[in-house]
Amino acid sequence: MSDPRALRIAFFIRALKGGGAQRDTILLANEIAARGIPVDLLTLVPDGPLRPLVAPCVSIVPIGGGKLRAAVPGLRRALIERRPGVLISAEAAPNLVALLATKLTPRTRRPRLLLREVGSPSIAQRLDPYRQNRIAYRVLRFVYRFADAIVTLTEGARRDLAENFGVPADRLVKMSANAVIDAAAARAGEGTREKGLLVSVGRLSPEKDHATLVRAFAKLDRSLRLEIAGDGPMRDALQSLARELGVSDRVTLSGFVTDPFSVFRRAELAISSSRYEGFGNAIVEALACGTPVVATDCPYGPREILADGRYGVLTSVGDADALGRAITQALAATPDRAALRARAAMHTVARAADALLAIVDGLGNDARMPAPRARLMEQADPRC
């Protein structure tokens, strides 16, 4: 990589489906490619519900193997053939694969490695819904330090990696913004609010703790309705719980949505009931729609996003009574929608790309951003 003007950035993503980590990756890839920098999206599964989100200027590169456990040889081949200056990955298991593939790549073809830690590491190593991630964290505890840089989305995750995973402080960077709000979402106007509609968006898995939300909802006024958008292994259990509590006629499980903003714009209140969060994209998405938020004060994202409760109501984790009281409190208040949108505007795709490219530029001469491209910040078309 003797010529820094030929910088190519590769993102490694498990599949073109999933939640916040996958969506973030695609939006960052789109934005950086729109600024004139060649971008590859290396993926095990090149088709999925998020594929329409990938901009035409991003090259989708299938990685052989089909499964993460067999992905190292295919990713190594792609690095040798595509010759990126930087490889960026997110999520524990893909991060481990990226580490192994990079270290097995010949030095003359080896990219700088930037890993995004999008979870709450010490908690996720026990509670992450994916077994591969839980196993990966046990190994990453010893090898995370060999990445060129590790980017976190929260100060809590940065401290966790330093204190519990042995990552040197000079390799840890907290990003000042996350890629949540794209140009289309930023332009969207006010939706038609449905009175009494409470919404929650997220994977139906134990760490999101929708069961506590349903229990809290069952204690509230019967004029309210609850819509939970997402899919996952807890779907049947949540439906059974709603029937048991006598609220199945007022609880809707609407399935996976590619456009969460369309859900939040209809809502009177958004709720995040998680046991832990790597960041909490859904909270930012709700704020971007001017929708008030109630969130559990879980590690690590909600408190940081909501500025210690200034931009939303924080409540105890796993406490249905406390969550019910917080919902009642939020519904009784008059929201300052402009202030909520302004808070969310910290996390636009453009700002996140600025932050990420600044980190790439700091990796050293081998991965330095060409100055003219670095100045194309606000002129890019996110769809190229």
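The values are calculated or read from the model by the stated rules, or taken from the named source; none is laboratory data. Everything numeric here is computed off the predicted structure, so don't read it as measured data. Here the Cβ is made from the backbone with ideal geometry for all residues, glycine too, and neighbour counts use every protein chain on show.
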Test: residue in the range 8-31 that is in a loop (DSSP other than H, G, I, E, B) and farther than 27 Å from GLY230 by Cα: yes
Meets criteria (modelled with pLDDT of 95 or more and among the hydrophobic types (A, V, I, L, M, F, W, C)) for ALA101: yes
Matching residues in the range 369-384 - criterion: being crowded, with 18+ Cβ neighbours inside 10 Å and either at pLDDT 95 or above or charged (D, E, K, R) (or both): none
Lone qualifier among ASP308, ASP249 - being within 28 Å of LEU127 (Cα to Cα) and without any contact (Cβ under 8 Å) to a residue 40 or more places away in the chain: ASP308
Filter result (out of contact with any strand residue (DSSP E or B) (no Cβ under 7 Å at 6 or more places or on another chain) and surrounded by fewer than 24 Cβ atoms within 10 Å (Cβ to Cβ)) within the range 195-208: LYS195, SER205, PRO206, GLU207
Residues of the range 266-285 satisfying the condition of being under 20 Å from ALA188 (Cβ atoms), touching a residue at least 60 places away in the same chain (Cβ under 8 Å) and not in a loop (DSSP other than H, G, I, E, B): LEU269, ALA270, ASN281, ALA282, VAL284, GLU285
Residues located in the range 128-176, provided they are of a type outside the set (Phe, Trp, Tyr) and assigned to a loop (DSSP other than H, G, I, E, B): ASP128, PRO129, ALA147, ASP148, LEU153, THR154, GLY166, VAL167, PRO168, MET175, SER176
Unique match (being among the acidic types (Asp, Glu) and closer than 19 Å to LEU114 by Cα) among ASP40, ASP47: ASP40
LEU16 modelled with pLDDT of 90 or more, within 19 Å of VAL349 (Cβ to Cβ) and touching a Leu at 6+ places or on another chain (Cβ under 6 Å): yes
Residue list for the range 296-328, filter: more than 19 Å from ARG343 (Cβ to Cβ), in a helix (DSSP H, G or I) and in contact with a strand residue (DSSP E or B) (Cβ under 8 Å, 6 or more places away or on another chain): ALA322, LEU323, ARG325, ILE327
Which numbered condition ALA229 misses (of (1) part of a strand (DSSP E or B); (2) touching a residue at least 40 places away in the same chain (Cβ under 8 Å)): (2)
Single condition ALA179 does not satisfy, out of (1) touching an Asp or Glu at 6+ places or on another chain (Cβ under 9 Å); (2) in a helix (DSSP H, G or I): (2)
Residue identified as in the same structural domain as ILE13 (by TED's automatic domain parsing), polar (S, T, N, Q) and closer than 19 Å to HIS347 by Cα among THR154, THR102: THR154
The range 315-354, subset in contact with a helix residue (DSSP H, G or I) (Cβ under 6 Å, 6 or more places away or on another chain) and free of Cβ contacts under 8 Å to residues at least 24 places away in the same chain, residue surrounded by the fewest Cβ atoms within 10 Å (Cβ to Cβ): SER316
